[in-house]
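Asks: One structure follows; several queries about it will come next.
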Amino acid sequence: MAPRSSNPGGASRVRRRALLGTAVLVVLVALAGLAAYLTRDSRNSSKAPASQSSSASPSSPTASPSSSPPPSGHHNALPVPPTTHDPIAFGKAAAAALWYYDTRAYSQPELLAALHGWLTRETKYADTASVDAVVPSPVLWKEMAAGGQFATGTVNEGHFPDSFNRALQEDPGTITQAYVYAVTVSGKQSIAWTGSPAGGAENRVTTLAVQCRPSQPCALAGVLPAVAP
């Protein structure tokens, strides 16, 4: 018998993840014309946007911090979402939170619960599975915790993808349907462990779906499966 047969909820979980992911992608396609990008050759999706100039709208912040402290202000605390109506500022904070963890200070379920607090309460647009996918599995977390592993995220730049800006220029009113923005963030993730506080660092680039309705602060909708430059 296959190992996964012991988990009767597995199939429904996969279906739910697909539906949630599709909901976010449909919104982004409608708002930003990202469908064409997501079906491009993998060579294009692997290009890091860090070398490109920001394509953010004039209302977006032009300055990006060279480093990002833990989202909640001190090293071993769980990440707490900022209160902002700026999708790029929120996207940068969310990326740092997704690249950050500390197995010495809390459990994997506690980190998942904290990250779920970043998600929009509009379940139609909240792709919880895409956020869960970036967190180490319980088995891997246990192995990492044995060595006291932790990571910090450093954000270098955040911007609206070119396709998103073009779509907004062509049809500015479309954004008012769900107020979901695509935000691409680049930076680094530094990983260390007990006895080796100066571990390695790797480049990170991700595109997030961020919902920012005028009447409420921004919230995370999900993590796209491919990077949009």
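Asks: Using only alpha carbon pairs under 8 Å that are at least six residues apart, calculate the relative contact order of segment 80-142 and give it in whole percent.
Replies: Numbers: 33 pairs, mean separation 22.5, N = 63.
Here the relative contact order equals 36 percent.
Asks: At a temperature of 10 °C and a viscosity of 1.306 mPa s, determine how fast segment 116-229 diffuses translationally according to Stokes-Einstein, using the Kirkwood radius over alpha-carbon pairs as Rh; express D in µm²/s, rounded to the nearest whole number.
Replies: Numbers: Rh = 16.1 Å.
D, rounded to a whole number, is 99 µm²/s.
We did not get these values from a lab; they are worked out from the coordinates using the rules stated. From a predicted model like this one, the values you see are computed outputs, not experimental measurements.
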